[in-house]
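The values are calculated or read from the model by the stated rules, or taken from the named source; none is laboratory data. Computed from a predicted structure; not experimentally measured. When we count neighbours, we look across all protein chains shown, and the Cβ atoms used for this are built from the backbone with ideal geometry, even at glycine. Calculation scope for accessible area: heavy atoms of the full protein, side chains included, ligands and nucleic acids excluded. Shrake-Rupley method; radii C 1.70, N 1.55, O 1.52, S 1.80 Å.
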Amino acid sequence: MRDFARRYPLFWVYLFFLYFSAVPQLLIHISGMSGTVGLRQAIIMSLLWLVPVLVWPRAVRAYSALLGVVLWAASLVGFSYWLVFGQDFSQSVIFIIFESNAAESLEFVSSYLKPWHVLAVLGFSAVPVWMWRQITVPVLTVRYRSRLAVALVLVVGWPFWGSLLVKQEGLDKSRYHQVIRMEPAAPWNLVFGYMKYQDQLAAMESILDKNRQVPPLEQLTEQQPDAEKTLVLVLGESTNRQRMSLYGYDRETTPLLDAMQDELVVFDDVVTARPYTIEALQQALSFADSNNTQTFFEKPTLINMMKQAGYEVTWITNQQTQTRRNTMLTTLSQMADHQVYLNNNRAQNASQYDEDVLAPFGQALSDEARKKVIIVHLLGTHRKYDYRYPASFRHFSGREGVPNWVDDGNLEEYNQYDDAVRYNDFVVSSLINSLKGTPGQTLLMYFSDHGEEVFDYPEPFCGRNEYDPSPAMYTVPFIAWANSDYAKANDFQGWNKFRHRPYSTADFIYTWADAAQLDFASFEPQRSLISDGFKAMPRLIGDPDNPQTLRDYSAVFPRGDVWSELAQESVGAGREKPGKGG
Ligand SMILES: [Zn+2]
């Protein structure tokens with residue numbers, strides 16, 4: 001080793017710098033929390049530290065000692081976080097740290113600390129000290145050094161240069177590309193983490209500020225306002241109802257919900273307006289729709305509405321709290337009275353099981369408020385599917401029930417998606433079961449933000465694309481469960497008459513208000529799925545920023561229900577991608 005260090009002094013210094021970023025990333029990868037992206041980025045980004053060595057080789061020992069201390073301190077944060085919580089450190093953690101009070105955080109951390117953690121930290125710190133002692137001055141020609149330095153700057157900065165000069169995406173976007181690539185490397189994990197935290201906090205505050213100026217709903221009234229009520233809204237993720245046995249899928253992917261079918265109202269013609277989480281929920285949880293997206297900022301949200309009606313609102317989420325994409329969701333959660341953030345991973349591709357919501361859900365149920373709304377946001381069946389469920393839920397492996405066109409290369413992912421749906425069945429039914437015994441009127445509604453195409457058609461595709469839509473991306477499960485107190489007060493059984501109504505979750509706030517027995521001046525019964533005044537309306541899909549792309553779902557997929565019948569017969573028979581007519 002010592003010989004190696006002396007023979008390749010420059011490479012050795014590089015390994016020294018790499019150590020601080022690569023070890024935490026490697027541990028995260030080995031423990032199955034995440035893929036190799038973070039590790040690969042750490043390998044590239046650590047090259048940057050060689051540039052000063054190339055400029056002034058003789059200062060290598062002093063320079064590497066100084067930088068080493070900085071990198072060590074920064075990486076120790078990520079390392080310890082992994083050690084204690086088994087998760088990747090990210091700006092979400094910074095968010096959580098600043099959001100909770102110091103005493104709470106300390107108590108929380110100390111309850112996890114174990115004596116061997118101290119040994120692990122010592123070991124983690126001893127290795128670089130030993131490495132540093134082997135560092136020697138690299139002897140290189142000026143010409144070689146200057147060329148290599150320029151090459152390294154180009155390689156490390158490629159996300160920025162490539163985006164700015166080749167793809168011409170502008171300064172902001174280029175800078176963003178660079179930042180996300182550098183984030184897994186120390187000390188950028190802390191620096192950018194903190195900067196992003198600040199940015200997102202500012203964006204969030206400005207939306208919340210606007211939201212506080214929004215006038216309340218006029219003439220808001222509630223039937224039986226003094227009754228004890230618990231209303232639960234479960235938001236699913238990427239679950240296509242056509243892959244649920246509850247909706248007729250051949251494979252038994254929802255055995256637990258199937259078993260309680262008599263207690264449920266299963267709405268079977270509900271679609272989302274957008275196949276993307278934020279955009280879909282922004283419409284579902286506010287009065288905005290694809291024709292009026294700005295309404296989100298101008299009128300009360302579902303959370304504002306429930307608080308105005310005197311409900312205590314708790315938001316429990318297993319989705320990432322702080323990413324550039326999720327700012328809007330976290331903002332919504334901040335409108336609630338209580339928040340429980342369970343997922344602080346930097347990558348969405350990290351194992352995080354939805355059963356984690358059950359304990360905080362139980363706690364929220366035992367809260368003493370008489371009128372409660374609990375919103376549970378699941379990770380559901382989001383890609384990567386095999387990260388969504390524990391090994392004990394591996395169920396589908398062969399080709400049984402799989403359409404012929406799914407080739408062997410895609411079979412595993414097809415099966416994993418069905419496994420994820422089956423695990424989601426366990427989580428949703430567990431939430432329903434834990435509601436049983438809750439006093440007063442109790443209602444739970446569950447729908448998924450959007451669907452997902454997972455090799456549902458002969459043309460192999462996995463994912464979602466608004467510009468190449470398919471029913472699999474839009475058809476979502478939508479079910480309701482109520483206890484007998486609620487059922488009596490609201491003619492819950494009568495909702496079964498409405499099961500086949502064509503509906504878009506863009507109008508969900510009206511259904512929810514109706515289910516909560518609320519009325520207000522701007523209430524529109526024709527938009528409530530459970531109202532006698534309901535009227536079927538065009539269900540717009542498409543991109544509101546490109547209004548000419550907005551079209552009625554039924555016109556784009558005129559075969560509608562006929563198609564789902566076809567889907568049932570299709571296993572092995574060659575299911576056709578439904579025609580985009582009209
Ligand atoms: Zn989603």
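At-a-glance table
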quantity: Any hit, segment 426-437, residues being outside any helix (DSSP H, G or I), buried (at least 20 other Cβ atoms within 10 Å of the Cβ) and within 16 Å of the ligand (Cβ to nearest atom); calculated: no
quantity: Number of the condition not met by residue 501 [criteria: (1) closer than 22 Å to residue 262 by Cα; (2) out of contact with any helix residue (DSSP H, G or I) (no Cβ under 8 Å at 6 or more places or on another chain); (3) open to solvent by less than 10 Å² (accessible area, probe 1.4 Å)]; calculated: (3)
quantity: Per-region count, segment 84-102, residues assigned to a helix (DSSP H, G or I) and either at pLDDT 85 or above or open to solvent by 70 Å² or more (accessible area, probe 1.4 Å) (or both); calculated: 4
quantity: In segment 233-257, the residues that are away from the ligand (no atom under 16 Å from the Cβ) and either more than 13 Å from residue 429 (Cβ to Cβ) or free of Cβ contacts under 8 Å to residues at least 60 places away in the same chain (or both); calculated: 242, 245, 247, 248, 249, 250, 251, 252
quantity: Unmet requirement for residue 13, which otherwise passes all of (1) farther than 14 Å from residue 188 by Cβ; (2) at pLDDT below 95; calculated: (2)
quantity: Which numbered condition residue 442 misses (of (1) at pLDDT 95 or above; (2) open to solvent by less than 20 Å² (accessible area, probe 1.4 Å); (3) assigned to a loop (DSSP other than H, G, I, E, B)); calculated: (3)
quantity: Residue among 75, 64, 80 that is at pLDDT below 95 and open to solvent by less than 10 Å² (accessible area, probe 1.4 Å); calculated: 75
quantity: Subset of segment 445-468 [of a type outside the set (Asp, Glu) and either without any contact (Cβ under 8 Å) to a residue 24 or more places away in the chain or within 15 Å of the ligand (Cβ to nearest atom) (or both)]; calculated: 446, 447, 448, 450, 451, 454, 461, 462, 463, 464, 465
quantity: Residues that are among the hydrophobic types (A, V, I, L, M, F, W, C), away from the ligand (no atom under 16 Å from the Cβ), open to solvent by less than 40 Å² (accessible area, probe 1.4 Å) and under 21 Å from residue 426 (Cβ atoms), drawn from segment 372-392; calculated: 374
quantity: Residues being open to solvent by less than 20 Å² (accessible area, probe 1.4 Å) and either farther than 22 Å from residue 461 by Cβ or without any contact (Cβ under 8 Å) to a residue 12 or more places away in the chain (or both) - total across segment 393-404; calculated: 0
quantity: So residue 313, is it at pLDDT 95 or above, over 24 Å from the mean Cα position of the chain (by Cα) and of a type in the set (Val, Ile, Thr); calculated: no
quantity: Looking only at segment 459-487, and only at residues there that are open to solvent by 20 Å² or more (accessible area, probe 1.4 Å) and modelled with pLDDT of 95 or more, the one that is nearest to residue 537 (Cα to Cα); calculated: 487
quantity: Elements of type helices (runs of 4 or more DSSP H) contained in segment 275-339, each with 1 or more residues being crowded, with 22+ Cβ neighbours inside 10 Å and within 16 Å of the ligand (Cβ to nearest atom); calculated: 277-284, 327-334
quantity: Near pairs, Cβ below 8 angstrom, 6+ apart or cross-chain, from segment 549-560 (aromatic (Phe, Trp, Tyr)) to any residue that is assigned to a helix (DSSP H, G or I); calculated: 553/474; 557/471; 557/563
quantity: Flag for residue 140 being part of a helix (DSSP H, G or I) and at pLDDT below 95; calculated: no
quantity: Filter pass, residue 185 being small (Gly, Ala, Ser) and surrounded by fewer than 19 Cβ atoms within 10 Å (Cβ to Cβ); calculated: no
